[in-house]
Amino acid sequence: PITEALTFNKTNVNANLFQWIANNKTRAALSFQKGNKKDSDKYLASILKIEKAIGEIIGRKVEFIIDEYSLNVMVKLDDESIHYNTLADGYKSVISWLTDLIFRLDHMPIEGQENFTLFLDEIDIHLHPAAQRRILPVIQKLFPKAQIFLTTHSPFIIGSVDDAWVYKFKLDGKGNSILDGEPFLTENAKSYRYILEQVFDINKQF
């Protein structure tokens, strides 16, 4: 389950992930048909967790469904069924890494599913500012015992949570990235103007 877990250069959901969703949906349907609701709920648990988290981040109702003719896994946003490849890049990014993570956790022993370290590179990329504000609180709620390291250029991410350590970096004269001052704790009551000035050194409004 941890094969290529630190690979950052994959931008699309692996076909195995959609196959995993399709398999669990099928198992759940068969179990329900046999009257075994407990097993049906078990097969759907991880998928429902993904759907709920993604929905909270993007502010829409999200559901994975199986097209009855093509048997492809589709993404249903509110009332519209959409193929994954035609989704906006921000939606694809969130679906990709979050589904990949829960897919991996689903294949790990129970004792390894809560305490883990999560590295997220450019967590804000392609996301609407409203989704940037929601993503980190949702991840913290979903994985309360995980230690999270992330990179971001978004004041919306930095201002979205309390008690997260922020490390600013800058380039030295040789082009090396070095720490820029002491790390400090975030406060979600800080204004975006304050964050832009203190964290990103942007002092002009226009």
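Calculate the spin-label point distance for H107 paired with A130, positioning each point 7 Å from the Cα along the beta-carbon direction, and give it in nanometres.
Spacing of the two 7 Å Cα→Cβ label points: 3.6 nm.
For segment 28-148, with all protein chains present and a 1.4 Å probe, just round the carbon and sulfur fraction of the accessible area to a whole percent. Display every interim value, and only then the final one.
Numbers: 3640 of 7000 Å².
The nonpolar share, carbon plus sulfur, comes to 52 percent.
So the label point goes 7 Å from the Cα of T26 along Cα→C-beta, right? Which residues of segment 71-85 then have their backbone N under 13 Å from it?
Of the residues in segment 71-85, 71-73 have backbone N under 13 Å from the label point off T26.
Keeping all protein chains in the complex and leaving out DNA, RNA and ligands, what accessible area do you get for R104 with a 1.4 Å probe, in Å² to the nearest 10?
For R104, the solvent-accessible surface is approximately 40 Å².
Leaving ligands, DNA and RNA out of it, work out the accessible area of R60 with a 1.4 Å probe and give it in Å² to the nearest 10.
Surface accessible to solvent at R60 totals approximately 70 Å².
Over the residues of the chain, compute the C-alpha Rg and express it relative to 2.2 N^0.38 Å. The partial results should precede the final answer.
Numbers: Rg = 19.5 Å, N = 206, 2.2 N^0.38 = 16.7 Å.
Rg over 2.2 N^0.38 Å, computed on Cα atoms: 1.17.
Residues of segment 70-206: accessible area per residue at 1.4 Å, in Å²?
Working: 8510 Å² over 137 residues.
Heavy-atom SASA per residue in segment 70-206 reads 62 Å².
Is there a quick way to get the dipole size of segment 17-61? I mean about its Cα centre, with the Cβ of Lys and Arg at +1 and of Asp and Glu at -1; what is the value in debye to the nearest 20?
Values: 10 positive and 4 negative charges, 23 e Å.
Taking the Cα centre of segment 17-61 as origin, the dipole is about 100 debye.
Just need the relative contact order of the chain here, percent rounded to a whole number, with Cα pairs under 8 Å and 6+ apart.
It rounds to 15 percent for the chain.
State, as an integer percentage, the relative contact order of segment 120-206 based on alpha-carbon contacts under 8 Å between residues 6 or more apart. Walk me through the numbers on the way to the answer.
Working: 97 pairs, mean separation 22.4, N = 87.
Taking the mean separation of contacting Cα pairs over the length of segment 120-206, I get 26 percent.
Karplus couplings for segment 143-153 from phi (6.51 cos²θ - 1.76 cosθ + 1.60, θ = phi - 60°), rounded to Hz, Gly and Pro as x?
Karplus values, whole Hz, x for Gly and Pro: 10, x, 9, 7, 9, 10, 10, 9, 10, 7, 10.
Taking only the alpha carbons of segment 82-143, what extent do you get along each of the three principal axes, in Å, biggest first?
Sorted from largest, the Cα extents of segment 82-143 read 35, 26, 17 Å.
Between the helical axis of 37-58 and the dominant principal axis of the chain, each derived from Cα atoms, what acute angle in degrees is found, rounded to the nearest 10?
30 degrees
Suppose accessible area is computed on protein heavy atoms with a 1.4 Å probe; arrange F200, F169, F143 from highest to lowest. Walk me through the numbers before you get to the answer.
Values: F200 55, F169 125, F143 15 Å².
From most exposed to least exposed: F169, F200, F143.
Can you sort E63, E114 by 1.4 Å-probe accessible area, starting with the largest? Please list the in-between numbers first.
Values: E63 60, E114 100 Å².
Listed by decreasing accessible area, they come as E114, E63.
Report the equivalent ellipsoid semi-axes for segment 97-206 in whole Å, largest first, defined as the square roots of five times the eigenvalues of the gyration tensor built from alpha carbon atoms. Don't skip to the end; give the middle numbers.
Values: eigenvalues 160, 57, 34 Å².
Result for segment 97-206: semi-axes of 28, 17, 13 Å.
Enter the angle in degrees (range 0 to 90, nearest 10) between the Cα long axis of helix 129-142 and the first principal axis of the Cα atoms of the chain, meaning the one along which they spread out most.
For 129-142 against the chain, the angle is about 70 degrees.
For segment 23-35, take each phi angle, set θ = phi - 60°, evaluate the Karplus expression 6.51 cos²θ - 1.76 cosθ + 1.60, and give the result in whole Hz per residue in order, putting x for glycine and proline.
Couplings: 4, 5, 4, 5, 4, 5, 5, 5, 5, 5, 4, 7, x Hz.
State to the nearest 20 debye the size of the charge dipole of segment 19-159 about its Cα centre, where the only charges are +1 on K and R beta carbons and -1 on D and E beta carbons. Write down the numbers at each step before the final one.
Values: 17 positive and 18 negative charges, 98 e Å.
Result for segment 19-159 is approximately 480 debye, rounded to the nearest 20.
Over 19 Å between Cα atoms: which of K38/K145; K76/K145; K25/K52; K92/K170 fall into that group? Write down the numbers at each step before the final one.
On the way: K38/K145 27 Å; K76/K145 30 Å; K25/K52 16 Å; K92/K170 30 Å.
Where the Cα-Cα span goes over 19 Å, the pairs concerned are K38/K145; K76/K145; K92/K170.
The values are calculated or read from the model by the stated rules, or taken from the named source; none is laboratory data. In this text, all values refer to a predicted model and were calculated from it rather than measured experimentally. So basically every Cβ, Gly included, is an ideal-geometry build from the backbone, and we count neighbours across all protein chains shown. Remember, those area values only see protein heavy atoms, side chains included, never the ligands or the DNA or RNA. Shrake-Rupley method; radii C 1.70, N 1.55, O 1.52, S 1.80 Å.
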